[in-house]
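Every number here is computed from the coordinates shown, using simple stated rules; none is lab data. Keep in mind that what you see is a predicted model, and the values were worked out from it rather than measured. Here the Cβ is made from the backbone with ideal geometry for all residues, glycine too, and neighbour counts use every protein chain on show.
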Amino acid sequence: MPKEILVLSGSPKKDGNTATLVDWFVEGARSKGARVEVVRTAFLKYKSAGCTSCRACQKQDGYECAIDDEAKPVLAKMAGVDVIVMATPLYFFAASAQLKLVLDRMFSLYKWDNEAGTMETPLKGKTLVLIASAYEDVGLDSLEKPFALTAAYSGMKFKSLLVPNAGVSGEIKKKESVREKAIALGKEIA
């Protein structure tokens with residue numbers, strides 16, 4: 001059975017370093033038969049700037065965000081795929097705001113029972129992959145940490161491809177060794 005992979009690309013640029021890394025990863029994954037969907041989070045139409053902490057999701061039986069906008073079906077898809085890939089440029093030592101809008105609303109994919117001290121999530125057992133690049137060789141470790149912690153907390157496997165010294169937007173296309181790593185990661189994940 002082919003793996004289902006959802007890629008959330010958090011770059012506002014359509015042809016920059018992050019988009020290129022995503023293209024290479026997808027090429028590798030599809031070459032192994034995976035079904036891949038790419039969502040460009042910068043171009044979704046949102047009704048709120050991230051999670052509003054309304055907690056309506058905690059009162060529902062299913063795992064669904066109560067905010068009805070274009071992020072809602074993306075969050076629902078996360079529960080149904082085998083692999084979630086989050087791709088982002090490094091912006092001030094963190095993920096882009098365009099990706100963080102969806103990441104924060106993942107709150108709806110968890111159910112907590114504080115009295116019992118339990119947490120349930122449909123993400124358990126899936127794989128979370130982070131693909132990130134930085135202009136220089138500073139900050140990728142701090143960007144990676146929240147994703148690794150989210151995976152561990154959720155019971156997900158975690159992989160990352162961190163690309164320092166990627167250069168200005170689009171410059172990564174000249175880096176054949178990075179292309180090979182991204183394609184290889186796609187094949188491995190598939």
| field | Estimated dipole of the range 115-190 in Debye, rounded to 20 [Cβ of Lys and Arg +1, of Asp and Glu -1, Cα centre] | value | 340
| request: Specify the residue with the greatest mean-square fluctuation among Glu64, Glu180, Glu115, computed from a Gaussian network of the chain linking alpha-carbon atoms under 10 Å apart. | output: Glu115
| note | Amide H contacts under 5 Å for Tyr91, restricted to residues at least 5 apart in sequence or on another chain and with H modeled in the peptide plane, are Ser96
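Among DSSP beta bridges lying fully in the chain, give the percent that are antiparallel, nearest 5. Kindly include the intermediate steps, with their values, before the conclusion.
Numbers: 4 of 29 bridges.
Beta bridges within the chain, antiparallel portion: roughly 15 percent.
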| Per-residue ³J(HN,Hα) for the range 80-88, Karplus 6.51 cos²θ - 1.76 cosθ + 1.60, θ = phi - 60°, Hz, x for Gly and Pro | x, 9, 8, 9, 10, 10, 10, 10, 7
| note | Non-local residues with an amide H under 5 Å from the amide H of Val163, with H modelled 1.01 Å from N and Pro and chain starts lacking one, are Ala132, Ser133, Ala134
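Rounded to the nearest 20 Debye, what is the dipole magnitude of the range 22-127 about its Cα centre when Lys and Arg each give +1 and Asp and Glu each give -1 at the C-beta?
Roughly 180 debye for the range 22-127.
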| query | Relative to the longest principal Cα axis of the chain, at what angle does helix 176-189 sit, 0 to 90 degrees, rounded to 10? | reply | 30
| task | Find out how many positive minus negative residues lie around Gly28, taking Lys and Arg as positive, Asp and Glu as negative, among other residues whose Cβ is under 9 Å from that of Gly28. | result | +1
| said: Suppose a student asked you for the relative contact order of the chain, using Cα pairs under 8 Å spaced at least 6 residues apart; what percent would you report? | reply: 30
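Placing unit charges on C-beta atoms (Lys and Arg positive, Asp and Glu negative, everything else neutral), compute the dipole magnitude of the range 4-189 about its Cα centre in debye, rounded to 20. Don't jump to the answer; show the numbers that get you there.
On the way: 26 positive and 23 negative charges, 58 e Å.
Value, rounded to 20: 280 debye.
Filter Lys13/Lys174; Lys13/Lys175; Lys45/Lys174; Lys111/Lys187 down to the pairs with a C-alpha to C-alpha distance above 28 Å, please. Walk me through the numbers on the way to the answer.
Numbers: Lys13/Lys174 18 Å; Lys13/Lys175 19 Å; Lys45/Lys174 33 Å; Lys111/Lys187 33 Å.
With Cα atoms farther than 28 Å apart: Lys45/Lys174; Lys111/Lys187.
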| message | Name the residue from Val22, Phe93, Thr121 whose Cα lies farthest towards the positive end of the charge dipole of the chain, charges +1 on Cβ of Lys and Arg and -1 on Cβ of Asp and Glu. | response | Val22
| In terms of modelled amide H atoms, which long-range or inter-chain residues lie less than 5 Å from the amide H of Val85? | Leu6, Val7, Leu8, Val129
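Excluding the sites themselves, what is the longest stretch of the chain that contains no trypsin sites (Lys or Arg not before Pro) in a DSSP loop with at most 16 other C-beta atoms within 10 Å? All intermediate terms of the calculation are to be shown ahead of the outcome.
Values: sites that count: Lys3, Lys13, Lys14, Lys32, Lys45, Lys47, Arg55, Lys124.
With trypsin sites (Lys or Arg not before Pro) excluded where exposed in loops, the chain gives 56-123 as its longest stretch.
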| query | So which chymotrypsin sites (Phe, Trp or Tyr not before Pro) in the range 57-114 pass both tests, a DSSP loop state and at most 14 other Cβ atoms within 10 Å of the Cβ? | reply | Phe92, Phe93
| said: Nearest 500 deg cm²/dmol is fine: what mean residue ellipticity at 222 nm does the chain get from its DSSP H runs of n ≥ 4 alone, each adding -39,500 (n - 2.57), divided by its residue count? | reply: -10500 deg cm²/dmol
| query | What aspartates and glutamates sit close enough to Lys145 to cross-link, taking a C-alpha to C-alpha distance under 20 Å and skipping anything fewer than 8 places away on the same chain? | reply | Asp104, Glu136, Asp137
| field | Alpha-carbon centroid distance for the pair the range 63-108 / the range 11-48, whole angstrom | value | 13
